[in-house]
Amino acid sequence: ERSVEKGILENIREQQNVLVIGNPLAGKTRMIFQILKKLKNCEVIIPGDVNIDTEDFLIPKSFTPWRKKILLLDDINKYAEKQNFIFMLERFIDRNLTIIATCRKGPELEYAEKALERYFSSIFRERIELGGITRNTAEEIAQKTKRQLPVTFDGNIGSIFLPLATAKKR
């Protein structure tokens, strides 16, 4: 568990959108997944990674009225590349869904900011950056999970579990 998780959880409970940024393998997606598991009364929509057809686009109406509604955009830069993404995003904003997004630092974040320039800063007022972990913490995690700490450990928690060569392919 990271120190920022409580703040993110509180933001979501208060219906504030959340953008989590960090290096590849920093644990952005895993952390969001763990936080969503803690929210008992929520429904999560994860759009497909496809272009959006404005004629056929519908937001599911099968929501339970008393549950919190969340739109999850893991790697928002990939969604920003899709045709009519702004159209889709506007529809979800109109329905008052809380938006949780992740994005890698660097060129991916710059691309997402540029693609969503007039929306980005108003949707995501606060960015939460996941930093690396210390070698001591990594050694503890590796020991607890019965893994060897890779020689190529780069400060990102995911590099304990996924070889960096595999991450580069991803």
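Key figures for this structure:
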item: Mean Cα-pair separation over length for the range 1-86, i.e. relative contact order, pairs under 8 Å, 6 or more apart, %; result: 28
item: Accessible-area order (highest first, 1.4 angstrom probe) of the listed residues 100, 45; result: 45, 100
item: Rg and Dmax [Cα atoms of the range 110-159; Å; Rg one decimal, Dmax integer]; result: 16.8, 47
item: Rounded if a/c under 1.5, otherwise prolate or oblate - the range 37-136, Cα gyration tensor axes; result: oblate
item: Residue 122/residue 154 FRET efficiency (R0 30 Å; Cβ-Cβ; nearest 0.05); result: 0.35
item: Estimated dipole of the range 39-106 in Debye, rounded to 20 [Cβ of Lys and Arg +1, of Asp and Glu -1, Cα centre]; result: 460
item: About the Cα centre, charge dipole magnitude for the range 1-86 (Lys/Arg +1, Asp/Glu -1 at Cβ), debye; result: 540
item: Estimated dipole of the range 105-151 in Debye, rounded to 20 [Cβ of Lys and Arg +1, of Asp and Glu -1, Cα centre]; result: 220
item: Overall form of the range 1-86 per C-alpha gyration tensor (a/c, 1.5; a/b vs b/c); result: oblate
item: Relative contact order for the chain, counting Cα pairs under 8 Å that sit 6 or more residues apart, in percent; result: 30
item: J(HN,Hα) series, the range 11-18, from Karplus relation 6.51 cos²θ - 1.76 cosθ + 1.60, nearest Hz, glycine and proline x; result: 4, 5, 4, 8, 6, 9, 5, 10
item: Built amide H within the under 5 Å cut-off of residue 27, gap 5+; result: 158
item: Percent breakdown of C-alpha pair distances by 10 Å bin, ordered from the shortest bin, for the chain; result: 9, 35, 34, 17, 5, 0
item: Most mobile of 145, 29, 98 in a GNM of the chain (Cα contacts under 10 Å); result: 145
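The values are calculated or read from the model by the stated rules, or taken from the named source; none is laboratory data. Since this is a predicted model, take the numbers as computed values, not measurements. FYI the Cβ positions are ideal-geometry reconstructions off the backbone, even for glycines, and counts take in every protein chain you see. Areas reflect the complete protein model, heavy atoms only, side chains present, ligands, DNA and RNA absent. Shrake-Rupley method; radii C 1.70, N 1.55, O 1.52, S 1.80 Å.
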